[in-house]
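Q: Please find one structure pasted underneath; my questions will follow.
The values are calculated or read from the model by the stated rules, or taken from the named source; none is laboratory data. For clarity, every value in this text was computed on a predicted model and none was experimentally measured. FYI the Cβ positions are ideal-geometry reconstructions off the backbone, even for glycines, and counts take in every protein chain you see.
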Amino acid sequence: MQFRVIANDSATAARTGEIVTSRGTVRTPVFMPVGTRGSIRALAGRDVEELNFDMILSNTYHLYLRPGVEVLKKAGGLHSFMNYHRPILTDSGGFQVFSLSDLCRVKPDGVEFRSHIDGSLHFFSPESVLDVQRAIGSDIMMVLDQCTEYPIDKAEARKAVDRTVEWAKASHRYWSDNFDPDRQALFAIVQGSVFTDLRQECAERLLELPFPGYAVGGLSVGEPKDLYREITGFTLSHLPADRPRYMMGVGSPMEILFAIRHGIDMFDSVMPTRIARNGTIFTSAGRLSIKSAACESDLSPLDEACDCYVCRTYSRAYLRHLFRVGEISALIYNTYHNLYFMNSFMNDIRQSIERGAFDSAYRKWEALYGNGDI
Ligand SMILES: [Zn+2]
């Protein structure tokens, strides 16, 4: 994997760039839709192909439990299994172990947990999650880290930072000795909750190892928006400019914009697809609820400015009808449009940075998406 910066905004830390992987080039800033279990929920593979994302994300924890490593190996990895041949990034499973599993016991060499599906006992170590990601065939892999909840006291946050750094060192060693770094890159994850000194220390200790990229983890987990923004800006100021910076689990247009302004290159989130399934639509004029009475007899498309096939083909009134009667197609169409929107939105931001017009793009989108939680 290689990364190069193409354009820097003169007034902020926003930039565009390219991550070149053996499966294709990823233009940054990039939004990655989430294929949790090897599929983007509600979409057929043909739709995903057509949406033309540069990179998607899948979850190690879920794929490890089902279908399991042996099936993935037999299929030749996730790309072949789901017949998707562009770059795939996988998380390490750490976030799901800490947030989903019924039991989770942190030990010096890894974390023991019970499957949220059948209660069976499993163990993830820094090395074993890389072996799973090798079986998946991820183009970018993530290290195992210790995620923390919000709020958390500082002593606990410090322990998680120490563990995260130790595990990152073990991961880097194992990766350097056993992987082809050109085919499977490995990113480290900065933890430290909402404590600036811990964030700085974690970043500095991780930077002692030459990881090809760095992620910001442990944010967007329930902390107030102002605090999220303060910690985001602070953490980013400690990450190197010559490597990709990835904000994990953030996908609302406004928070994406904010993080781009501070130099983030990569995002993933289930949010645009989850809200689509609940009837909330992103448009170039702001959010739209397909459930609203105003859509009942509105024969205009979801978004006049969108040229996705849903907007070219169906009216708000029809899509509202499908949603109200519980047709599966409502989820498909809403999801398709929201992901198409995310691609257009990221294109708009990238172009604005390259034209030297990021500030006006920021203000335009802030006026449309600046209030509300999403
Ligand atoms: Zn559309």
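Q: Name, by its number, the condition in (1) closer than 17 Å to G251 by Cβ; (2) crowded, with 17+ Cβ neighbours inside 10 Å that does not hold for R274.
A: Status for R274: all satisfied but (2).
Q: Still on this structure: Cβ-Cβ below 6 Å, separation at least six or inter-chain, first residue in the stretch 320-343 and under 9 Å from A276 (Cβ atoms), second away from the ligand (no atom under 13 Å from the Cβ) and in a helix (DSSP H, G or I): which pairs?
A: Pairs found: L331/R277; T335/T273.
For (1) more than 27 Å from L89 (Cβ to Cβ); (2) within 14 Å of the ligand (Cβ to nearest atom); (3) at pLDDT below 95, each residue gets a yes or a no:
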position: S269; (1), (2), (3): no, no, no
position: F282; (1), (2), (3): no, yes, no
position: S292; (1), (2), (3): yes, no, no
position: E304; (1), (2), (3): yes, yes, no
position: S329; (1), (2), (3): yes, no, no
position: N338; (1), (2), (3): no, yes, no
position: S344; (1), (2), (3): no, yes, no
position: A361; (1), (2), (3): no, no, no
position: L368; (1), (2), (3): yes, no, no
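Q: Which of the residues belonging to the stretch 192-214 are of a type in the set (D, E, K, R), surrounded by fewer than 17 Cβ atoms within 10 Å (Cβ to Cβ) and touching a residue at least 12 places away in the same chain (Cβ under 8 Å)? It would help to see each step written out before you state the result.
A: Start the filter on the stretch 192-214 by keeping residues that are of a type in the set (D, E, K, R), which leaves 197, 199, 201, 204-205, 208.
Next cut, surrounded by fewer than 17 Cβ atoms within 10 Å (Cβ to Cβ) only: 197, 204, 208.
Selection gives E204 alone.
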